[in-house]
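Have a look at the structure below before the remarks.
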Amino acid sequence: MNRLRLATLMLAAGALWLGMAAVSSAEEAPDARAEGNPEAAATARVDTEIARVWQRDLVTPAGPAGDEEFLRRVYLDVTGAPPTLEETLAFLNDTQEGKRDRLIDALVADPRFGRHLADLWVPLLLGRAQKQKYGADHILAIWMAREINAGRGFDALVYDMISARGKLSENLAVAYWVGKDEQRTPDFAGLVSRHFTGVQIQCAQCHKHPYEEMTMADFAGVAGFFNGLRIRRDGNQEPQDPETADERVKAARRPSEAELAKLPEKRRAELEERLKYSSPKHLYGEAVKLEDTTLLRATYAKWVIAPENRQTRRYLANRFWSFIFGQGLQNPVDDFNSFNHPTHPELLEYLADELLASRFDLRRFYRVILKSRTYQLSSRGGSRKDAKAPEAWHYASYPVRQLTPEQFFGALLGLTTDPGSLREARKRFELQFERLRAEAKRAAEEEAKRKSDEPKADAPGMERQEEGKKDETKDEKKEAKKAAKEELKKVKKYDLAALDRYEAIFREMPDGWFMRRTLCQGYASRSSDDEMTEADAFTLTIDQALQVMNGTLTSRLSENKKGQPLYDILKAGTTPDARAESLYLRVLCRKPSATESARVLNYVAEAMKGGSKLDKAWEDVLFALLMTTEFATNH
């Protein structure tokens, strides 16, 4: 068995898919369907704007993608995982016109759509999971998926996250705040601006912005909206249920230097920060005066999503475009500035206005883009008259992109038909709820026993103890009270109502989605640098590649055991050609070329001549397919 040798062969063969752009189902051009259909008209406008740049730069686009190429691509971009074998065969065997449009409509209406978008947003908003507290990353993902799938406009989600108040278990949008490492007013201001408007104001925190007309006063004005935000935690409570609150911000006289010097260092720093950020003002806008300063965050959130605030919808249109194509119409996606210009300015403005007109309907936005000719081009081809290759921003072919960690593990998990392994991981997680209930029960029993063992007030000797307390000095009583308070801190409290709410929240997460996100937590921490920098993208560092190649999941999937891909294929007793075809359809969502099929069959025959068993030879083939670039990319 030489998996490394076979993997090398398959990697070379895997490049063949790049040339397989033959179209088996040509779709009608979007502009021919646009009359009387606003959504189709929007799709046509997308293609018109892209084609205008092709004409300007003398670019010839690639041909349309074939059904196999399109199928895997659209599933990855909409659901976060490739299609199952059944889904693949159903689409490829469909001979009716318009099947691509029908598939797109079905996928954006599927619950997996919201989950995939949540998987894309949560790392941007909170970072990767090993930094998270209180399960905030999972909780925010659950909430975002729920709201998106319910059809709420994304502007409403933005408002809810920025203004979120209350306990995490009662208001899931609070996860946006409690999962962060940064907990200071200026940190909040910089992150919220970047996350939801794509404008990076943090450079103006300590000095004038180096290349924008943005001053420290401008930054302080935005930060003023978060001056009263407090994140409260009770570390002595189980389960922990952090909450956000907005304290009233009082206009205060600035103390003298002598008065400041008398304050403890922490208190002095807090006071100076509060004074510095006490005058809320919209960026390049008007100062805000509120009698009820607890509404400052809500006021800022309302401004962010206001129709007159074009920047927010320009940024969101750009961000969602980048989810589909791997790059924005303006890049970096979250850094709109005077020196950073879009490649297709008219298209960006049009998509921004489309978002507003549709009330930030993400299903519509995705349908408009996915049904375009631009999206459905092959990933192979495209040329320029000057013999130079088109730039990626020409969108002359679909970009080949590495899968996100969530997509990659979704692709792996989608191959198994054994739900037992998925449920096993979920059960281990749920044991913590059972453990807390058992702890709470024991604590209640111990407290009841302690109280029953306490001497009664009229018991002998109690009078003398009470008299002794009366003789304590004022300082002694103060110390005793302090000591009692410290002892109370050591006693755990249990909030079973919060525990019930958390259980209900996590029940919304299907086993497969939970497992995919859990695997990504470990993946993200696999980094080859000395400081253990987390990996947000599928960069395949040496550590990460070894984790994939030698990981338990990959090894289990390639075994000939019930619930794994090979089991059903070999059990069916079909011909070697049929086995190869079935394996390719399951793993790569396409049939093998004649060259690939011959290479696989030759390898199996040679392995068996060398003493390998039939199932072991096919296990090698499956393992090699899992190691191909084709499997690890979206194309």
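Annotations
- Helices (runs of 4 or more DSSP H) fully within the range 575-635 that include at least 2 residues being under 30 Å from GLY63 (Cβ atoms) and acidic (Asp, Glu): 576-588.
- Residue that is surrounded by fewer than 19 Cβ atoms within 10 Å (Cβ to Cβ) and either more than 29 Å from the chain's Cα centre (by Cα) or modelled with pLDDT under 80 (or both), where the choices are LEU566, LEU583, LEU540: LEU540
- Taken over the range 306-346, the criterion of being more than 14 Å from GLY198 (Cα to Cα) and without any contact (Cβ under 8 Å) to a residue 40 or more places away in the chain is satisfied by ALA306, GLU308, PRO345.
- Taken as a whole, the range 132-146 holds at least one residue that is surrounded by 20 or more Cβ atoms within 10 Å (Cβ to Cβ) and among the aromatic types (Phe, Trp, Tyr).
- Conditions (1) part of a helix (DSSP H, G or I); (2) exposed (fewer than 10 other Cβ atoms within 10 Å of the Cβ); (3) modelled with pLDDT under 75: number failed by LEU488: (2)
- Looking across the range 31-47, the residues that are surrounded by 15 or more Cβ atoms within 10 Å (Cβ to Cβ) and either modelled with pLDDT of 95 or more or in a loop (DSSP other than H, G, I, E, B) (or both) come down to ALA34, GLU39, ALA40, ALA41, ALA42, THR43, ALA44, ARG45, VAL46, ASP47.
- No other residue among PHE219, PHE196, PHE188 is under 21 Å from the mean Cα position of the chain (by Cα) and under 18 Å from ARG274 (Cβ atoms) apart from PHE188.
- Answer residue from the range 280-302, given it is in contact with a Leu (Cβ under 9 Å, 6 or more places away or on another chain) and outside any loop (DSSP other than H, G, I, E, B) and is surrounded by the most Cβ atoms within 10 Å (Cβ to Cβ) among those: ARG297
- Unique residue being in a helix (DSSP H, G or I), farther than 20 Å from LEU622 by Cβ and free of Cβ contacts under 8 Å to residues at least 60 places away in the same chain when the list is GLU447, GLU439: GLU447
- Number of the condition not met by SER322 [criteria: (1) within 16 Å of LEU124 (Cα to Cα); (2) touching a Phe, Trp or Tyr at 6+ places or on another chain (Cβ under 9 Å)]: (2)
- Test result for LEU76, within 27 Å of the chain's Cα centre (by Cα), more than 30 Å from ALA389 (Cβ to Cβ), buried (at least 18 other Cβ atoms within 10 Å of the Cβ) and not small (Gly, Ala, Ser): no
- Taken together, the residues in the range 399-418 that are in a loop (DSSP other than H, G, I, E, B) and not acidic (Asp, Glu) amount to 8.
- Residue in the range 571-579 that is touching a residue at least 60 places away in the same chain (Cβ under 8 Å) and not assigned by TED's automatic domain parsing to the domain that holds GLU87 present: no
The values are calculated or read from the model by the stated rules, or taken from the named source; none is laboratory data. Not measured: the values here are computed from a predicted model. Using ideal geometry, Cβ is built from the backbone for each residue, glycine included, and neighbour counts are taken over all protein chains shown.
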